Amino acid sequence: MVVAVDVHKHFGPLHALQGVSLEIPRGEVLCIIGPSGSGKSTFLRCINQLERIDAGAIWVDGELAGFRRDGDALYELTDAEVARQRLASGMVFQRFNLFAHMTALENIIEGPVTVQKRAKKEASAEALALLERVGLADKRNAYPSELSGGQQQRIAIARALAMKPKLMLFDEPTSALDPELVGEVLAVMRHLATTGMTMIVVTHELGFAREVANRVVFMDRGRIVEVGPPREVLVDPREQRTRDFIAAVL
Ligand code: ADP
Ligand code: MG
């Protein structure tokens with residue numbers, strides 16, 4: 001579903017991604033862990049083209065990010081074409097970013113109706129099914145300010161799913177939540193994992209990573225230090241840097 005080859009990203013003098021290569025098969029749940037500033041968010045943002053990479057290449061479901069192939073020639077995509085390509089992935093951020101002036105249901109149908117030009121009635125029916133799935137059908141007419149952080153984040157997940165993405169990217173989706181609200185969001189993600197959705201999850205929730213991830217990546221200073229099954233990376237890591245990080249987080 002995702003192939004990243006030798007990806008580099010600079011912010012001025014800062015070399016934020018220093019040759020990241022990774023293949024993520026369809027249906028995999030991959031958790032990315034690592035210290036603050038190690039490039040986890042930047043990597044996710046490059047996968048869905050919120051950032052442009054400086055070198056290397058990323059394919060999402062067979063499409064080369066940022067380019068269109070025509071015979072042997074490669075053409076750089078326009079901003080509008082990049083926006084279309086970006087729809088392959090749904091992204092959920094630490095902050096819920098719901099539209100404050102729209103109800104839960106309106107938030108969910110906004111993308112399908114305005115971006116995908118789908119009929120409002122059909123989009124609403126699907127949104128209701130998604131609200132059921134995240135356990136919030138009774139909150140369809142609630143505004144974000146009337147919802148807890150955990151409920152808002154579940155709506156944000158439903159909103160991303162409404163666009164029918166091929167993969168879902170989560171950037172520390174529970175980090176901004178009060179501890180008692182973390183579980184309900186992880187439960188929705190755990191259920192999503194059972195549906196076969198390809199998921200890349202940046203998280204400090206090592207318990208979730210251990211139970212749900214097929215593989216765990218440990219990043220540090222713009223590089224992948226270690227990647228493997230959770231029981232290896234989280235329980236018996238090869239690299240000292242991974243050991244130190246896990247000891248510090250636990
Ligand atoms: P993580 O998500 O692992 O905490 P980030 O990917 O957010 O790390 O950041 C990696 C490095 O790139 C950090 O040093 C951060 O300050 C820097 N960085 C991220 N985004 C920008 C930006 N838009 N402009 C300048 N520096 C950035
Ligand atoms: Mg981050």
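Below is a table of values for the structure above.
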{"quantity": "Some residue of the range 209-226 being aliphatic (A, V, I, L, M), over 17 Å from the mean Cα position of the chain (by Cα), more than 16 Å from ligand 2 (Cβ to nearest atom) and closer than 20 Å to A248 by Cα", "calculated": "yes"}
{"quantity": "Number of the condition not met by R68 [criteria: (1) within 29 Å of A127 (Cβ to Cβ); (2) open to solvent by 70 Å² or more (accessible area, probe 1.4 Å); (3) not in a helix (DSSP H, G or I)]", "calculated": "(1)"}
{"quantity": "Scope the range 236-250; condition within 13 Å of G207 (Cα to Cα) and open to solvent by less than 100 Å² (accessible area, probe 1.4 Å); matching residues", "calculated": "I246, V249"}
{"quantity": "Set R68, R118: member being more than 27 Å from V201 (Cα to Cα) and touching a strand residue (DSSP E or B) at 6+ places or on another chain (Cβ under 7 Å)", "calculated": "R68"}
{"quantity": "Yes/no for V20 being β-branched (V, I, T), open to solvent by less than 30 Å² (accessible area, probe 1.4 Å) and within 14 Å of ligand 1 (Cβ to nearest atom)", "calculated": "yes"}
{"quantity": "Among residues of the range 23-63, those that are open to solvent by less than 50 Å² (accessible area, probe 1.4 Å), farther than 30 Å from L206 by Cβ and touching a helix residue (DSSP H, G or I) at 6+ places or on another chain (Cβ under 9 Å), counted", "calculated": "0"}
{"quantity": "Any hit, the range 153-166, residues being among the β-branched types (V, I, T), open to solvent by less than 20 Å² (accessible area, probe 1.4 Å) and away from ligand 1 (no atom under 16 Å from the Cβ)", "calculated": "yes"}
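The values are calculated or read from the model by the stated rules, or taken from the named source; none is laboratory data. Owing to the predicted nature of the structure, the values given are computational and were not obtained by experimental measurement. All Cβ positions, even for glycine, are placed from backbone atoms using ideal geometry, and neighbour counts span all protein chains on display. Please note that ligands, DNA and RNA were not included when accessible areas were found on the heavy atoms of the full protein model with its side chains. Shrake-Rupley method; radii C 1.70, N 1.55, O 1.52, S 1.80 Å.
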